[in-house]
Amino acid sequence: MRHRTSKNMKFQFDEETRRIIYYRDNGSCIFCRQQYHMENKDPWLYQMKDIMHYINKSQGGLGVPQNGAVGCRYHHMLLDNGSRGLRSEMIEIFKEYLMQQYPDWNEDSLRYKKWDFPTFG
């Protein structure tokens, strides 16, 4: 198991952020609520809950509530794996959900920017 270092902490969901997301989403998967591709036969995968990133950590996605949602393990695997060709559709559903939760939601503010200087002029 990888340890959380100060270098990668900005990409992780800390415990407080996880609580915020879990409470906001009522502890239920955003995809299960829509009955999105519910063909898996293992009920355990629907019961296990994860916090999913909208913008992946590997792409600089920050560990902030505006970049996450609750997902069951099955839908989280579908989103991350992408082998069934559903990722783009799932990302669009995810985006619409976050935009409903945060009216001023902006995808650009969810990425880490090392050189994020104000512009003048």
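Here the relative contact order of the chain, from alpha carbon pairs under 8 Å that lie six or more residues apart, stands at 27 percent. Dividing the Cα radius of gyration of the chain by its Kirkwood radius returns 0.99 for Rg/Rh. To the nearest ten degrees, helix 15-24 and the longest principal axis of the Cα atoms of the chain are 60 degrees apart. With a simple spin-label model that places each label point 7 Å from the Cα along the Cα-to-Cβ direction, the separation between residue 101 and residue 28 comes to 1.5 nm. Solvent-accessible surface (1.4 Å probe) assigned to residue 64 amounts to roughly 40 Å². To the nearest whole percent, what portion of all C-alpha pairs in segment 16-61 is separated by more than 13 angstrom? Counting every Cα pair in segment 16-61, those more than 13 Å apart make up 65 percent.
Compare 52, 99 by solvent-accessible area with a 1.4 Å probe and give them largest first, with all protein chains kept in place. Numbers along the way, then the final one.
On the way: 52 0, 99 95 Å².
The ranking, largest first, comes out as 99, 52.
Dipole orientation for the chain: of the candidates 51, 69, 86, 51 has the Cα lying most toward the positive pole (charges on Cβ; Lys, Arg +1; Asp, Glu -1).
Model label sites at residue 91 and residue 36, defined 7 Å from Cα along the beta-carbon direction, differ in position by 1.3 nm.
Ordering 110, 45 by accessible surface, largest first, gives 45, 110; the 1.4 Å probe counts only protein heavy atoms, with every chain in place.
Helix 87-101 and the longest principal axis of the Cα set of the chain meet at an angle near 70°.
Counting only heavy atoms of the protein chains and using a 1.4 Å probe, residue 94 has close to 0 Å² of accessible surface.
The values are calculated or read from the model by the stated rules, or taken from the named source; none is laboratory data. Keep in mind the model is a prediction, meaning the values are calculated, not measured. Counting neighbours? That spans all protein chains shown, and the Cβs are built from the backbone with ideal geometry, glycine included. Surface areas here come from the heavy atoms of the whole protein model, side chains and all, with no ligands, DNA or RNA. Shrake-Rupley method; radii C 1.70, N 1.55, O 1.52, S 1.80 Å.
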